Structure formats: C-alpha cells, structure tokens
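Accompanying notes for the structure given below.
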Amino acid sequence: MVEAGRSPNIEIISNADLLALDGKPGKFTATVQVRPRYIDAEACTACGLCTKYCPRHLVDSYNEGLAITRPIHIDYPQAVPATYYIDPSACLFLQHGTCQICVPVCRSRAIDFSQKPTDRKLAVGAVIMAPGFGRVPEEALTKYGYGKHQDVVTSIEFERLLNPSGPFKGEVRCISDQRHPHKIAFIQCVGSRDLGCDNGYCSSVCCMYAIKEAMVAKEHDPECEITIYYMDMRTQGKEFDAAQKRAEEHFGIKFVRAKVADVTPWDKGLKLTYATMDGSHGFTGYDMVVLSVGLDAPTDASKLANIGGFDLNSYDFCKTTTFAPLESSNPGVYVAGAFQGPKDIPESVTQASAVAGIATGMLRNQRGKGVILKSYPAENVAEGEVPRIGVWICHCGINISGVVDVPKVTDYAGEMADVVYFSDSLYSCSQDAQETIKEKIKEHKLNRVVIAACSPRTHEPLFQETLKDAGLNRSLFEMVNIRDHCSWVHANEPEAATRKSMDLVRMGVAKARHIKPLPEQTVPVTKSALIIGGGVAGMTAALTLADQGFPCTVVERQDKLGGQLQQMLYTLPGDDVPTFLKNLIDKVKKNKLIEVLTSAELVSTEGFVGNFASVVKVTRGKDIVEHTIDHGVILVATGGRPHTPEKVLGQELPKSDRIVTQQALEAQLAGKGKNRAPGSVVMIQCAGSRGDDLAYCSKTCCNEAVKNALKIKEINPAAQVIVLYREMRTYGYAEDAYRQAREQGVLFVPYTMDNKPLFSDKGKGVKVSYHDPILREDVELAPELLVLSVGLVPESTEELSKMLKIPVTADKFFLEAHVKLRPVELPVAGIFLAGLAHAPKPLDEIIVQAQAAAAKAAIPLVRGKVEVEPIVSHVDQDTCIGCGICVSLCPFQAIQMHKIDNKRKAETIAASCKACGICAAHCPTFAISMGGFTNEQINAQIHAFGLIEE
Amino acid sequence: MAQAQDKKTGAVMVVGGGVAGVQTALDLTELGFYVYLVEKSAAVGGAMAQLDKTFPTNDCSL
Amino acid sequence: MSKEAFSPKILGFLCNWCCYAAADSAGVSRYQYPPNLRTIRVMCTGRLDPAFILRGFAEGAAGIFTGG
C-alpha cells in the first residue's frame, strides 16, 4: 500500500465517489466527486494532536465498533494517504456550528472547515471496477443473537480482537465483561448458502478464515476450546486441506457437522443449540460465539452498475462469463476482486494482475503516453567522505516500544562516533516519516542512514527509495531488526531486550561506517516469451502477451493445441466449450506474433530473466529438429490430467465397463448417446483425492459431478442419481447448481472415511453399498453406472522443476513465489505460472490466471531492462590471480574466466549472481568483494559485538 | 463548485482501493500507464487492512 | 552455580533467505527465546570465511551460531 502511495504514476483520489462515466473504450470521461476532508492534506503532518483534543466520541468503524475514536482522526497509523480527516456526521462544528477546538490546536494550521466538495473530470482509456464486497444483511446475524448478546461477534470483529492494534491490544476478551473466553464456537455459513437473506451462493472464504482465526486464537491461548459448526468444510484451495488437518490434529480444534438453531444466554455465557445430520439435537455452553459472515455484494453495486453501464448478476455482483471472467457487459469496463464474485486474497490478486493485463492490451497504443518517469536527484556523496551517520529508532506503534526502552536506545545511538543525527520515530515506515528522513538527510548532510525497526527483508526497499529521493545512493543504508528479532521474541524481558537493541544498533552503526555507494546495474531484455504448454492456459497467455505487442513461442508436446480442454464439452453454467476452444485455437494460429510448435519438447534452458536461451526439440515424422530460441521470460502452463487411481477408497478397481470416470460420463452424455442417459447412477466423490490416494482436494470434481447429474436429469428426468460425498465443495455460484440438483431429486449422501462406501462388479453388474446417516441404515444398490470423481494430477512437473530450478510442493504442483501476494510468479525471476500445473482449478480461474501470468511476464518486456541488485560480487582485476576456484564453486555459473593481457582473470556476470558470497569466502587473495557485505564491514560488526558489556 | 480537468492519454481509472484495486493500480503502472485510484473512504487498504494475519504465511497484511 | 550467572554472549550469522527469514517469522509468531544472541545478516552462509568465526571467538563470543 505504501508502494501505491509512493508511485508517481498512481494518483490516489480518496474520500471520493464516481458520479458519471461517458465515452467509449479508449476514450472515457469519468466524473469524480471528492468529498471534503476538512483538513489540508498538504499541511497535515499526521501528528495526532487534533484527535487528542477533539471532545466528541465516535464509534471506531475500522475497529468494527469495538473501540472509540473521535470525529477527527485517521483510521490507522500506516494509512495511505497519511492525512487525518473529519467525519462530518459526528463533528460538532459541521453539525451544530460549535466547538472548533481543533482549529487552534493544529500547529500546522491544516484544519479548513471551508472545504467544499470538488468535481474532477478524468480522461481515461479504461475503467476497472474493484469496489470489493459488502456486509451480509443484519437479519442473517440477528437470528444467532447478534446485537442482543455482546459476546456474539462477527468473524471480522474477532479478527480485530486478535490484532495487536485492535481493541484489547491483541488479547481475546469477551466484550461483555472483558474475561478471557475459555470456550469459543464458530458458526459457518452466516449470510451465505442462505436463501433466507437472498444469498444463495457460497462465499468461498469463510471456512478457511475460520480455521485461521481459530488457530491464531489457540496460539494466543492454548487452553481455549474451539469448536467449528459447519455444513461442508470448503477448504478446496491449494494446501488448505492440510491446514484443516493441522487445525484438527495439532491445535485440537473440533469440527462438528451440524446446523445451529439458535444462540441464547445461559448462566454467564451463551447456549448454542444445534441439530446434526441424523436429526438429533444437542446444546453446549460457550463464552463467545463467532459468526463466520459471508461476503455480500457492495452496498452501492447497483449505483455503480448504473453509472458504469454494466449488468449485475442476480446477487448484485458484476455479471461476467466463464470465457471472459473479467469483462463487464460494457466494453472497456472491467472488474476484479470480490465484486466479480466472493473470493480469497490470492484469487483477487490474480484477477488484479489479469485485469491490468487485458485493459492495457486493449490500450496498447496509449502505453507510456501518460506516465511520469520518476527522476531522482543526482547522487551527491563521493567515496571516501567522512561518515556522517543518521540513526532512527522506530517505536512501531507499541510493537517495539512496548518492550524496548526506545528513548534509551536512541540516546545510546547518539553517543556513538560519526553519528551526527539521531531520533526516535513512531512509525518509521509511514509516509510522513519518509519526508522527515529526507529533510534530515539534507539538513545534516547525512551520508549513511541506519534504521532500527523491523526486517530488511520487508522494508529495506522502502527506505532505500527514500535515500534515492534524498540524493543518496541506496546502498548507503543499514537496517537493524529490533522488532522481529528483539521486542517480539523477548516480550517478558524488557531490560535484556533494550540491551540487545543497543548492541544491535552499535553493530549496525559499526557496519554503516564502512558502507560504500554501489553502482546500479541494468541488463537489456529480449522482448519475447516462451510458453510451455498449449492448453487453454498457454493459449490464453499467448494471446494476452500478443495483445501487449510481444511475440511468443508456444511449445506443445502433443501434435495439436488444446490440452485437457479437448475433453470438456460443456460447463456447469452451460457454456459451449468446443466452440470456444475452436475459436481460441484459430485466434492463436492466426496471430502473427505467436509461433506454435507442436510435437515439441523443451530440452534445455540457460540464462536469467531478460536473457534466456532455450533449446526445443520438434518431432516431424521421423525427423527431429532442434530450435534454439532467445527469449526474455518463461511462462509455465504445462497443465494436468485426470488421476488414474489404482485403488479407490482402499478397494481394488474391478474391471468393468460400468465403472467410469466423470470425464467419460460427460463424453457419453454429450456424444452419440446424447438423448439417452442411464436410468440409475451412483457417483463417488473424492475417489482418489483428499487423503485416499492423492493428499489434496482436486477442487473441480464436486462441480463436475453436479454438472453431470444435472445433465442426466435434463435428458432423463426419471433417472435416479445418488452422489456419495465427503463434503460438497460447490463454492461460489456453483452452490446454485448444487441446490438445483437437490431440488430436481438428485440425492446427496455424505460418507466418512471410517465408513466408506463399498463397490464391486463380479461380471453381473455393479453393486454399491453405503451407510445413509439420514436414514441411519445401510443401503445396497445395483446402479446401471458407477461414476468416480478421480481428481486431477499435474503433468510431469518434476522434469521441468529440475531444468528450470523451480520448486514443487509435496503434491508435485509448482510452488509459486508467495501464495498470497505473488500467486503467478515462480521464485526464479522471469518465470511465471498458470493453469493446472499450479493447482487444480475450474476453467474460468485458469483463464484469469493465464491472463495474470501473461501480464506479470509482460512487465520486464515493457520495461526493456532488468535491474540488478547492487549486492552482487565484484572481482578486483588487479588482485585476482586467475586460480579459478571461484568459477568451480559458484552454484549459479555467475563467474567466468577471461583473458586480459594474456593473464587469466575472473569476472562476475552481474545478472546471474545471487550474492551468496561463496566466491568471496574462498578467494585466496581476497580479490572478491560482496556489495554491502565486505570483509571490512563484517569484521567491524564482529568487533562491535565484542564490545558487549558483561 | 470547483471543476478540475485532467486531460491525459494513457491513463486508466481504478474504482476501489482494496487489495484488488491497489494491486491492479501497481500492475497498470508497471505496464506503462498512469492510474487514478478512486476510493470511497479516507484511505486505501479496504478489508485487508483490517486483517491481523493472512493464511498461511501470516504476513502482516500491510 | 546460580542460574542467573550463566549468560553467554552468542554471535549468530544468519542467511538472509532461510535463517534470517525464520527468525523474522519466530517474531511474527511471538516465539520467546533467550536474549543472548546478537546477529549479523549475510546473503548466504556461503559468505562465511572461517576467519569470521575465529575473530568472533577472539572478540569474546562464548559460542557462534550459523544458520543457513
């Protein structure tokens, strides 16, 4: 977020509403009204004095009403923009013309009650709607006693209770009397899967966040007993089932499949009454009940739709299609995030990248015309200058200063040699702190900066950017971690933590004395992509990249394009897949920027981001031709295929033509037997997934089963269809189809792993027996057909993993760089990921992911160069004796030998170097230095360590 | 009522400053476009700024 | 021997990618451990010249921890 606040190419217009949108794609005019903040954003320093003096109380909506703030306030200290604002609905002056205490209090005279709403007209080429989600209706909450009993809270309120910046500073306490709850219940599907409040869909995220909140609460208080009441645990996301297992086995969280009837007061606490599947009732006492609330459409959805000229679906979310999931019905207006349908953070982030990709593809000709290139002042520090060090010690709110004596550490820093400026800082990462740092650098002519705060792994880039803004080389910076490595881990030993902070600061300053400016290096980029896999993901990515104007080569192992999608004939919402696929293949083949190589395989890849060279082997009959392709980025879209389990539910699969997979059934229902459907079918879900054979949930099988069940009912309404399942994971809008199937008489019967269905075929047809928990008896059937939902496996990821040095999970899917925030990037720079090779997912999610991966892959191609971190190794050519030890040790082939004046010398290839330092540690003549980690610097740190007083 | 005119080519408007909106804005700039990020409330961040930790990395969500 | 008396000075070299990251996440999860360790971040423990370790002992470290 701070990143968005700092970008010169993002103007944040907050406290503003969209009033009108006119024009056409490429040429829209948007009218935006900015409401007054009553505070001059330029003048406000976010000091907070006004909030202290404001006499009026206001319920703090950022803290979900669990805390009190004032009408003049800021939501939270790291807010962007970091400007206070006045809530006009509660301000005494704006309501009653009195008070105005804040005006003289503000030292920077920022308060301005004369502000009026202003309208702005913005010329834009495209509009992206990302208004997020709204709250579920009140009645969905009140039926569980919310509003009547204080200790019935929503999951969002509970999230605030868990948060260190929340109402009880991270302690979970009952709202009623502030006691620590010993027993907590979570109720799932509040405001979701509930026609009572017109929310028929599943919100897709509540099961997982309930598990997360329960685990965090257990970490806070291991003695606390937590029970989750649910209908189906929908943990279909990547690695989510494993998290549920950990919650159950490691944290002892209980999961009870039951519908909660009501919550009533009982003694000091609450009584929760529930009904289990077999119709029996029970009740249990709890101290606190958490309602896992769903995601509703935003309250202003219909207003936005009117202004934006696009359609909503029946639930008031933005209406889109399976094949173009991010395009609204109005061309040029796109959608991303929860407004497209309830979804979790990784899917939102993926959609965000994808929508940026398709919108900029449409506006390709305007690229670069509106951007402001950020320029930095010339770097003004010459090497060898006497160090003038500035030190800031961060409070991090109370995260550090709650334990460490920050003023004492600050004074200590001030006594050190070469430290010419020192100060503490409430939040050194906030935007106003960056301004202060810049000012002080100039004022005191600082040429080294040390910040003692949190981790350089997350915050170093931010401070380095500030240094650049102030005309300092970004390498002249050292960060000391006194939060993650000190205050947080020595919370009960404030004195020792303070001493440790002082030592760490001393070591940081010692290093800072020896740091030197390092030159920035860039490497040019080959502006093309290699896409591995010619299925729907690979083809979509190729078209998205071509729309951006970049050429790419698609490598497909089979003799034709299409991949697994060739097997899919229709979707759950009823889309015509074969026509879509045919059009997609035609588009790819006709596009002049896309080269397609079928019957082709990747043999080897060398290089690094921006400069890859790959060898592809193409088989044409008896001839094998090898192509060498230079490209800047790689997109991995190798796909998956249906699993072929050897055993299902612990039973050998009998040879029988009456036992088929969902995919085979689909072919049968759409093929020659179009008008014939079997009269009786039993489907078994998780036949191979979720711990049976594969460890994970294959995500798509529940939808596939419902899809085929509905198709059977459409062809033959009299058919008997029974689905044996563990949990129906028809998340999102697929819940509607699940409900429709039940209404049409499809029977859904749950089974458990300790009471599995049995099946056999001894040549006289299939027999299936199972336990029906509703009837509470065993049932034996002889259906015409037994259909297995076999799940999905990735297609040969291990080979590629070795070739490209990209990691795979225990389940053999590729592992992305960061599951939440970098979902389509791989840890190796320049390699991107989409489709089933990442995890099982339905068609619309594959299309979005491919668009997102292509958008991310286009970024280095648009830039035309990649920047190299200046911390790489450097070989001093005079000292190097050409022994070559470094070359043999380098794990990244980043050092080469070459001849200068007939002498062998080593040289670093900066773009390949990962800065590990093995070469520097082994160089017999100390000719190799590591930027930012020189011998001199490390020795100074060790020496400063030695000065610890005992 | 004051009126400001912004005439620009190569700009895109993003409505909503939650995690999706902010990520979209960042990617748009990386792809060579100027962005107006229009947010209803006083600060960007949306629901994610309220979260304590996010599964499974438990990163601070800011 | 009283328990308080023993408070060794320990010097740690942490790899940026694994051990330093692990120490960060120990902080995020609020794991508590004794406050005797002082750390130096390196980009990889491959950077460690054995001389650093010897120098650490010479400067009075009771123990040296390398995490990578």
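The values are calculated or read from the model by the stated rules, or taken from the named source; none is laboratory data. All values derive from a computational prediction rather than experimental measurement. Methodologically, a virtual Cβ is constructed for each residue, glycine included, from the backbone with ideal geometry; neighbour enumeration extends over all protein chains shown. Just so you know, the surface numbers come from the protein's heavy atoms only, side chains and all, with ligands and any DNA or RNA stripped out. Shrake-Rupley method; radii C 1.70, N 1.55, O 1.52, S 1.80 Å.
A few points about this structure:
- The residues of region A:517-636 expose, per residue, 45 Å² of accessible area to a 1.4 Å probe.
- Using a 1.4 Å probe over protein heavy atoms, the accessible area lost on pairing A with B, summed over both chains, comes to approximately 6200 Å².
- Principal semi-axes in Å for region A:461-537 [√(5λ), Cα gyration tensor, largest first]: 39, 23, 10
- For a modelled paramagnetic label at A:HIS898, 7 Å from Cα along Cα-to-Cβ, the residues of region A:515-539 in reach, with backbone nitrogen under 16 Å, are A:522-524.
- 24 Å Cα-Cα threshold exceeded, pairs from A:LYS24/A:LYS374; A:LYS212/A:LYS268; A:LYS245/A:LYS756; A:LYS560/A:LYS590; A:LYS212/A:LYS343; A:LYS590/A:LYS802: A:LYS24/A:LYS374; A:LYS212/A:LYS268; A:LYS590/A:LYS802
- Candidates A:TYR731, A:MET753, A:PHE813 compared by Cα position along the dipole of region A:723-835: farthest toward the positive end lies A:PHE813, with charges placed on Cβ.
- Each helix, a run of at least 4 DSSP H residues, gives -39500 (n - 2.57); summed and divided by the residues of chain A, these come to -8000 deg cm²/dmol at 222 nm.
- In chain A, a dipole from Cβ-located charges (positive for Lys and Arg, negative for Asp and Glu) runs towards its positive end, and of A:GLY97, A:LEU649, A:ALA667 it is A:ALA667 whose Cα lies farthest in that direction.
- Principal semi-axes of the equivalent ellipsoid, √(5λ) from the alpha carbon gyration tensor of the protein assembly as shown, are 47, 38, 32 Å from largest down.
- Note on A:153-160: average number of Cβ atoms from other chains within 10 Å of each residue's Cβ is 2.
- Residues of region A:99-135 whose accessible area, computed with a 1.4 Å probe over protein heavy atoms, drops by at least 50 Å² once all protein chains are present relative to their chain alone are A:ASP119, A:LYS121, A:ALA123, A:ILE128, A:ALA130.
- Distribution of pairwise C-alpha distances over region A:23-159, 5 Å bins, in %: 2, 8, 14, 15, 15, 13, 13, 12, 7, 2, 0
- Looking at region A:686-776, the accessible area is 40 square angstrom per residue; that uses a 1.4 Å probe and ignores ligands, DNA and RNA.
- Environment charge of A:TYR76, counting only residues whose C-beta is closer than 12 Å and scoring Lys/Arg +1, Asp/Glu -1: -1
- Positive minus negative residues near A:ASN399 (Lys, Arg vs Asp, Glu; Cβ under 10 Å): 0
- Averaged over the residues of A:309-321, the number of partner chain Cβ atoms lying within 10 Å of the residue Cβ comes to 0.
- Shown for chain A are the DSSP H helices of 30 Å or more along their axis, judged by Cα atoms, with a mean Kyte-Doolittle hydropathy of at least -1.0: A:843-863.
- Total charge dipole magnitude, region A:571-641, about the Cα centre, Cβ charges on Lys, Arg, Asp, Glu only, Debye to nearest 20: 240
- Over the C-alpha atoms of region A:827-950, the Rg to Rh ratio, Rh being the Kirkwood estimate, stands at 1.18.
- If you wrap the tightest convex hull around every Cα atom of region A:708-749 and split its volume per residue, you get 60 Å³.
- Apportionment of accessible area to carbon and sulfur, the protein assembly as shown, percent (1.4 Å): 51
- Loss of accessible area when C meets A, both sides summed, Å² nearest 100, probe 1.4 Å: 3600
- Once the 1.4 Å probe is applied to the protein heavy atoms, region A:76-210 comes out at 40 Å² accessible per residue.
- Percent RCO, i.e. relative contact order, over chain A, from Cα pairs under 8 Å lying at least 6 residues apart: 10
- Size of charge dipole - the protein assembly as shown - debye, nearest 20, with Cβ of Lys, Arg +1 and Asp, Glu -1, no other charges: 1640
- Cα convex hull of region A:614-678 - mean projected area over all directions, nm²: 9.3
- With a cut-off of 12 Å between beta carbons, the residues surrounding A:GLY191 carry a summed charge of -2, where Lys and Arg count +1 and Asp and Glu -1.
- Shape of region A:180-261, Cα gyration tensor, a/c cut at 1.5: oblate
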